[in-house]
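Enquirer: Next up is a structure, given as structure tokens.
The values are calculated or read from the model by the stated rules, or taken from the named source; none is laboratory data. Please read these numbers as outputs of a predicted model, since none were measured by experiment. Note: ideal-geometry Cβ built from the backbone for every residue, glycine included; neighbour counts use all protein chains shown.
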Amino acid sequence: MNSPLTSVTLFHVGPVPITLPVVVTWAIMALLVLGGRLLTRKLSLVPSKTQAAFELIVDTVDSQIRETMRVEPGPYRAFIGTLFVFIFVANWSSLVPGVEPPTAHLETDAALALLVFVAVIWFGIRAVGMKGYLATFAFPSPIMIPLNFLESLTRTFSLLVRLFGNVMSGVFVIGIILSLAGLLVPIPLMALDLLTGAVQAYIFAILAMVFIAGVVSEGQPEPTPNLAPNPRTLP
Amino acid sequence: MNWLALASEGRAVAAAMDAIARQPESASTISRTLFVGLAMIETMAIYCLVIALLLLFANPLLKLTP
């Protein structure tokens, strides 16, 4: 039985070993970037069927951000949307035969969790300034400074372990069942694995939103529902 | 520890069902909060698995003893 903590080295670029999950990550990145380029090449105000379908995804991300963070989704759409779409595609990449999802390895998840850690600081400083961001550490009272500081580290770690544990356990269980029972038996488990993958992508994005919102939400106006018509479009 | 996670997940889902039955119009908010909460509880159970695999495959204690 192979350890889930190690990964296969394919080749070396100079002194840097390039492992299989990294190559799969590159393939997913290329797929997403090229797909996004192709889809946004011919945007029109009256959307075609494909454009309407993908606008639905963007709309869903927007409404989730609006509901969870209680701010306008503009600055966060790109980051949260990319996180969700990447993790979703990565988790479901196990549908391709012979591909192991890159999120089943510790390094990919560590990179994603570090991105969230940096994004909290970045968005926090951008929204409330350096002073305001540092003040969030002393939020209820200055006694909480060590705990809040520790929390910002441990929640990053728990993001990493959550995604890694869920995806890796799916892959691991399928491997064990396959070696015990044989062909076609693990198919229900693979279906369950797809469900877990989708839910975990959602959870990761939601938690990233919650962490960012915890820093940003002070001093931002509440989102106004689109009830009032835009004055420029009125006759 | 896994039975703790199981028991608390059951309680959380039961409470969410109660809340949705009482206020069906807020089902989307409740289920979103439920999902996040369930993920938190699930992480506790997953930690056990990760620790077990660490002990199996990358045991730091074995390296200490010659």
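Enquirer: Please list, ordered by first then second residue, the pairs with beta carbon atoms under 6 Å, 6 or more apart or interchain, first in the stretch B:42-55 and buried (at least 18 other Cβ atoms within 10 Å of the Cβ), second modelled with pLDDT of 85 or more and of a type in the set (Lys, Arg).
Expert: Qualifying pairs under 6 Å: B:Thr43/A:Arg162.
Enquirer: Quick test of your reading of the structure: B:Leu54 fulfils all but one of (1) over 24 Å from A:Val199 (Cα atoms); (2) more than 10 Å from chain A (Cβ to nearest Cβ). Name the failing condition by number.
Expert: Condition not satisfied by B:Leu54: (2).
Enquirer: Another question about this same structure. Has the stretch B:44-55 got at least one residue that is within 17 Å of A:Val161 (Cα to Cα) and over 20 Å from the mean Cα position of the chain (by Cα)?
Expert: Restricting attention to the stretch B:44-55, the residues satisfying the condition of being within 17 Å of A:Val161 (Cα to Cα) are B:44-55.
This time we only want the ones that are over 20 Å from the mean Cα position of the chain (by Cα), so: B:55.
Yes, the stretch B:44-55 contains at least one residue that is within 17 Å of A:Val161 (Cα to Cα) and over 20 Å from the mean Cα position of the chain (by Cα).
Enquirer: Collect the residues in the stretch B:20-37 that are of a type in the set (Lys, Arg) and within 11 Å of another protein chain (Cβ to nearest Cβ), keeping them in residue-number order. Before the answer, list the steps.
Expert: Taking the stretch B:20-37 as the starting set, the residues that turn out to be of a type in the set (Lys, Arg) are B:22, B:32.
Once the filter is applied, which keeps residues that are of a type in the set (Lys, Arg) and within 11 Å of another protein chain (Cβ to nearest Cβ), the stretch B:20-37 yields only B:Arg32.
Enquirer: Kindly evaluate A:Gly74 against the criterion of being over 20 Å from B:Val36 (Cβ atoms) and within 18 Å of the chain's Cα centre (by Cα). First the steps, then the outcome.
Expert: Details: over 20 Å from B:Val36 (Cβ atoms): yes; within 18 Å of the chain's Cα centre (by Cα): yes.
So A:Gly74 passes the test.
Enquirer: Could you tell me whether A:Ile18 is surrounded by 10 or more Cβ atoms within 10 Å (Cβ to Cβ) and not in a strand (DSSP E or B)?
Expert: Values: surrounded by 10 or more Cβ atoms within 10 Å (Cβ to Cβ): yes; not in a strand (DSSP E or B): no.
Taking the combined requirement at face value, the residue does not satisfy it.
Enquirer: Among the residues of the stretch A:120-151, write down those that are in contact with a Phe, Trp or Tyr (Cβ under 6 Å, 6 or more places away or on another chain) and within 20 Å of A:Ile80 (Cβ to Cβ).
Expert: A:Val120, A:Gly124, A:Ile125
Enquirer: Do the conditions hold for A:Thr154, that is, is it modelled with pLDDT of 90 or more, over 25 Å from A:Ala30 (Cα atoms) and surrounded by fewer than 18 Cβ atoms within 10 Å (Cβ to Cβ)?
Expert: On the way: modelled with pLDDT of 90 or more: yes; over 25 Å from A:Ala30 (Cα atoms): yes; surrounded by fewer than 18 Cβ atoms within 10 Å (Cβ to Cβ): yes.
Criteria met by A:Thr154.
Enquirer: Within the stretch A:3-25, which residues are within 12 Å of another protein chain (Cβ to nearest Cβ) and in contact (Cβ under 8 Å) with a residue 60 or more places away in the chain? Can you show your working first?
Expert: Step one: of the stretch A:3-25, the residues within 12 Å of another protein chain (Cβ to nearest Cβ) are A:3-6.
The answer is A:Pro4, A:Leu5.
Enquirer: Something else about it: Quick one: which residue in A:Gly98, A:Gly170 is loosely packed, with under 14 Cβ neighbours inside 10 Å, of a type in the set (Gly, Ala, Ser) and within 30 Å of A:Ala27 (Cβ to Cβ)? Step through it out loud before you land on a result.
Expert: On the way: A:Gly170 fails: loosely packed, with under 14 Cβ neighbours inside 10 Å.
Exactly one residue qualifies, and that residue is A:Gly98.
Enquirer: With B:Met17, B:Met40 as the choices, which residue is more than 8 Å from every other protein chain (Cβ to nearest Cβ) and closer than 23 Å to A:Ala205 by Cα? Working first, answer last.
Expert: Details: B:Met17 fails: closer than 23 Å to A:Ala205 by Cα.
Answer to the check: B:Met40.
Enquirer: Same structure again: Against the definition (assigned to a helix (DSSP H, G or I), touching a helix residue (DSSP H, G or I) at 6+ places or on another chain (Cβ under 8 Å), within 14 Å of chain B (Cβ to nearest Cβ) and modelled with pLDDT of 85 or more), how does A:Ile87 come out, yes or no?
Expert: Details: assigned to a helix (DSSP H, G or I): yes; touching a helix residue (DSSP H, G or I) at 6+ places or on another chain (Cβ under 8 Å): yes; within 14 Å of chain B (Cβ to nearest Cβ): yes; modelled with pLDDT of 85 or more: yes.
Yes: the conditions hold for A:Ile87.
Enquirer: Looking at B:Asn59 and the list (1) of a type in the set (S, T, N, Q); (2) away from every other protein chain (no Cβ under 14 Å); (3) free of Cβ contacts under 8 Å to residues at least 24 places away in the same chain, which single condition is not satisfied?
Expert: (2) is the only condition that B:Asn59 fails.
Enquirer: Right, another one. Please find, among A:Pro186, A:Pro229, the residue that is crowded, with 18+ Cβ neighbours inside 10 Å and either modelled with pLDDT under 90 or within 24 Å of A:Arg126 (Cβ to Cβ) (or both).
Expert: Working: A:Pro229 fails: crowded, with 18+ Cβ neighbours inside 10 Å.
One residue alone meets the criteria, A:Pro186.
Enquirer: Kindly indicate whether any position in the stretch A:200-218 is over 24 Å from A:Leu95 (Cβ atoms), of a type outside the set (Gly, Ala, Ser) and at pLDDT below 85. Break it down into steps so the answer makes sense when it comes.
Expert: Applying the first criterion (over 24 Å from A:Leu95 (Cβ atoms)) to the stretch A:200-218 yields A:207-218.
Subset that is of a type outside the set (Gly, Ala, Ser): A:207, A:209-212, A:215-216, A:218.
Filter once more, so that each one left must be at pLDDT below 85: A:216, A:218.
Checked against the condition, which is being over 24 Å from A:Leu95 (Cβ atoms), of a type outside the set (Gly, Ala, Ser) and at pLDDT below 85, the stretch A:200-218 yields at least one hit.
Enquirer: In the stretch A:111-148, which residues are of a type in the set (Val, Ile, Thr) and in contact with a helix residue (DSSP H, G or I) (Cβ under 6 Å, 6 or more places away or on another chain)? Show your work before the answer.
Expert: So the first thing to find is which residues in the stretch A:111-148 are of a type in the set (Val, Ile, Thr), and the list is A:116, A:118, A:120-121, A:125, A:128, A:136, A:143, A:145.
Across the stretch A:111-148, the qualifying residues are A:Val116, A:Val120, A:Ile125, A:Thr136, A:Ile145.
Enquirer: Look through B:Val36, B:Val13 and report the one residue that is in a helix (DSSP H, G or I), without any contact (Cβ under 8 Å) to a residue 40 or more places away in the chain and under 19 Å from A:Ser158 (Cα atoms).
Expert: Details: B:Val13 fails: under 19 Å from A:Ser158 (Cα atoms).
On inspection, the qualifying residue turns out to be B:Val36.
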